[in-house]
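The next block holds one structure in the form of structure tokens; read it before the comments.
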Amino acid sequence: MLTIDRATHDAIIAHARRDHPDEACGVVAGPIGSDVPARFIPMLNAAMSPTFYEFDSGDLLKLYREMDDRDEEPVVVYHSHTSTEAYPSRTDISLAGEPGAHYVLVSTRDGADLGGPVEFRSYRIVDGEVTEEEVHIVDSYADDGFTDVEATQQKAEH
């Protein structure tokens with residue numbers, strides 16, 4: 001199950017709507033081993049495509065160095081689909097290289113880019129196998145039983 005705070009959930013959706021008709025992409029980093037998506041990092045879709053996303057290799061290298069310096073890892077890797085459901089494509093599955101991450105997809109089809117309802121779904125993708133998981137949205141991590149340290153880090157990052 002993915003537990004995510006409302007502010008980060010809403011930021012991912014806003015990014016997807018803003019970048020429509022191109023796919024949006026990004027990462028939400030968190031302390032290593034915590035499974036807490038704490039730091040929202042929208043990225044540029046270097047492909048600038050409505051059907052494909054690609055992280056810029058230089059930006060991605062910079063991000064991984066920064067996460068390493070901060071003792072973080074990618075907890076969520078997200079992107080949007082602009083005209084299809086929020087389900088990983090064959091390409092998405094083949095590119096999924098973070099077995100511990102939650103892969104979030106947001107669909108901005110059918111007017112969702114203009115403020116209509118969006119599909120926001122999360123998956124685990126390990127060795128090509130896709131498993132959908134429940135998404136639990138909380139107002140704050142402290143309210144959901146996370147430790148005070150994790151809740152404090154979450155507040156500091158926003």
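The values are calculated or read from the model by the stated rules, or taken from the named source; none is laboratory data. Not measured: the values here are computed from a predicted model. Here Cβ is always computed from backbone atoms with ideal geometry, including for glycine, and neighbour counts include all displayed protein chains. For accessibility, only protein heavy atoms count, side chains too; no ligands or nucleic acids. Shrake-Rupley method; radii C 1.70, N 1.55, O 1.52, S 1.80 Å.
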* Could you state the angle between the C-alpha long axis of helix 57-69 and the longest principal axis of the C-alpha atoms of the chain, as a value from 0 to 90 degrees rounded to the nearest 10? => 10 degrees
* Structure fact -> Heavy-atom accessible area of Y64, protein chains in place, probe 1.4 angstrom, given in Å² to nearest 10, is 90 Å²
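Mind checking the full-extension length gain between A46 and T84? Use 0.36 nm per residue of separation minus the Cα-Cα distance, one decimal, nm.
Working: separation 38, 0.36 × 38 = 13.68 nm, distance 2.02 nm.
Extending this stretch completely gives an extra 11.7 nm.
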* Structure fact -> Carbon plus sulfur, as percent of the 1.4 Å-probe accessible area of the range 56-99, comes to 45 percent
* To do: Sort all Cα-Cα distances of the range 83-132 into consecutive 5 angstrom bins from zero, then give the percent of pairs in each bin up to the one containing the longest distance.
  => 5, 24, 27, 20, 12, 10, 3, 0
* Residue-by-residue Karplus 3J(HN,Hα) for the range 13-18, coefficients 6.51, -1.76, 1.60, Hz, glycine and proline x -> 5, 4, 5, 4, 5, 5
* Structure fact -> With label points set 7 Å from each Cα along the Cα-to-Cβ direction at I32 and K62, the distance between them in nm comes to 2.3 nm
* Which entry in (1) 44, 17, 13; (2) 23, 18, 15; (3) 36, 21, 12 matches semi-axes √(5λ) of the Cα gyration tensor in Å derived from the coordinates of this structure? -> (2)
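At 1.4 Å probe size, with every protein chain present, just tell me what the per residue accessible area of the chain comes to in Å². Each step should come with its number before you reach the end.
Details: 8010 Å² over 158 residues.
Per residue, the chain has an accessible area of 51 Å².
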* Structure fact -> With N residues in the range 1-54, Rg(alpha-carbon) / (2.2 N^0.38 Å) equals 1.22
* Looking at the range 37-120, what % of its DSSP beta bridges pair antiparallel, to the nearest 5? -> 35 percent
* **Residues L114 and I137, FRET efficiency given R0 of 25 Å [Cβ-Cβ distance, rounded to 0.05]** => 0.70
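Which shape class applies to the range 37-101: rounded if a/c is under 1.5, otherwise prolate when a/b exceeds b/c and oblate if not, where a ≥ b ≥ c are the square roots of the Cα gyration tensor eigenvalues?
Working: a/c = 2.06, a/b = 1.60, b/c = 1.29.
Note, shape of the range 37-101 comes out prolate.
Per the helix-only calculation at 222 nm, which mean residue ellipticity applies to the chain, given -39500 (n - 2.57) for every DSSP H run of n ≥ 4 and division by its residues, nearest 500 deg cm²/dmol? Could the numbers behind the result be given before it?
Working: 4 runs with 43 residues, N = 158.
Rounded to the nearest 500, it is -8000 deg cm²/dmol.
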